[in-house]
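**Q** Take this structure first; my questions come after.
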Amino acid sequence: MKYDVILAGVGGQGILTIAYLLDNAAINRGFRFKQAEVHGMAQRGGAVYSHMRISDREIISDLIPEGHADMILSVEPLEVHRYLYMLADSGVVVSSVAPVVNIPDYPERDVVVNALYSLPRPVALDAGAIATEAGVPKAENMAMAGAATAFMPFELSDYAPIVEKLFGKKGPEMVAANMKVLENGYRVGRFTRLLLEAGLPGTVACRALAMVRPDSLDEARVPQVKALLQGPRVAAAFDRPREGLITLDELVAELS
């Protein structure tokens, strides 16, 4: 087993915390890991990236060869495109859809998000909304780590002692809130993965799940949802103005 990840985002988004979480989960599982230096941390708001390699056997280099990364895990959607040359043909992109406008000519949000959706294997989530709903709006990075876990050799339970170590001094409520963010990020990642593996285009899967409350997702309904998302009512559902997220039951009702 080996899993190579490019971590990306901008300074201040908690990339180091994601790395700490995944590194310690690997150690606790008995895996080996190497991580290159996290570049860009000296500049808050500037580009940040790192190479992370996890394996059950010896890892020779801490750098991932071009075109061999299994995942780009980004907390900022435009940053994804800096590192696409690193992604393997079968690789997945897991990214937040919330831009951090840190340059004068930053593209329109719709342009950035649609470019993300159009990638061969995208997993897109509103990490900020997931974190805010749990009462910890700064925990976007935990939502991203949860979504990435749907593709990695870890279980959510692997993170419990690490989250306790990170946030235990702030009280059990903070630990529980961060675990909730991880769990809801995982639900989005896992449901998206199952839709992609069932043959649904990434742009359809991502747009549909962007409308749905993560805590309402039920893996057993993937075949039903896939069939409905190939039906005649999809365009109308996507174009309908909304004031908030809906449940999976409500999406199924709209598409049926």
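The values are calculated or read from the model by the stated rules, or taken from the named source; none is laboratory data. Since this is a predicted model, take the numbers as computed values, not measurements. Quick reminder, even Gly has a Cβ in these numbers, built from the backbone with ideal geometry, and neighbours come from all protein chains shown. Heavy atoms of the whole protein, side chains included, go into the accessibility calculation; ligands, DNA and RNA do not. Shrake-Rupley method; radii C 1.70, N 1.55, O 1.52, S 1.80 Å.
**Q** Can you spot a residue in region 157-176 that is free of Cβ contacts under 8 Å to residues at least 60 places away in the same chain and closer than 22 Å to Thr247 by Cβ?
**A** no
**Q** Next question, about the same structure. Taking region 202-250, which residues are open to solvent by 30 Å² or more (accessible area, probe 1.4 Å), under 23 Å from Gly128 (Cα atoms) and not in a helix (DSSP H, G or I)?
**A** Scanning region 202-250 gives Ala210, Arg213, Asp218, Arg240, Pro241, Arg242, Glu243, Gly244, Leu245, Thr247.
Condition check ((1) outside any loop (DSSP other than H, G, I, E, B); (2) buried (at least 18 other Cβ atoms within 10 Å of the Cβ); (3) more than 18 Å from the chain's Cα centre (by Cα); (4) aromatic (Phe, Trp, Tyr)) across all residues:
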{"residue": "Ala148", "(1), (2), (3), (4)": "yes, yes, no, no"}
{"residue": "Phe151", "(1), (2), (3), (4)": "no, yes, no, yes"}
{"residue": "Tyr159", "(1), (2), (3), (4)": "yes, yes, no, yes"}
{"residue": "Glu164", "(1), (2), (3), (4)": "yes, no, yes, no"}
{"residue": "Glu173", "(1), (2), (3), (4)": "yes, no, yes, no"}
{"residue": "Ala177", "(1), (2), (3), (4)": "yes, yes, no, no"}
{"residue": "Gly185", "(1), (2), (3), (4)": "yes, yes, no, no"}
{"residue": "Arg190", "(1), (2), (3), (4)": "yes, yes, no, no"}
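**Q** Restricting to region 74-101, what's the tally of residues that are over 29 Å from Lys180 (Cα atoms) and over 16 Å from the mean Cα position of the chain (by Cα)?
**A** Residues flagged as over 29 Å from Lys180 (Cα atoms) and over 16 Å from the mean Cα position of the chain (by Cα) within region 74-101 amount to 6.
**Q** Moving on. Of all the residues that make up region 98-120, how many are in a loop (DSSP other than H, G, I, E, B) and surrounded by fewer than 20 Cβ atoms within 10 Å (Cβ to Cβ)?
**A** 13
**Q** Could you tell me whether Val175 is aliphatic (A, V, I, L, M) and closer than 20 Å to Asp70 by Cα?
**A** no
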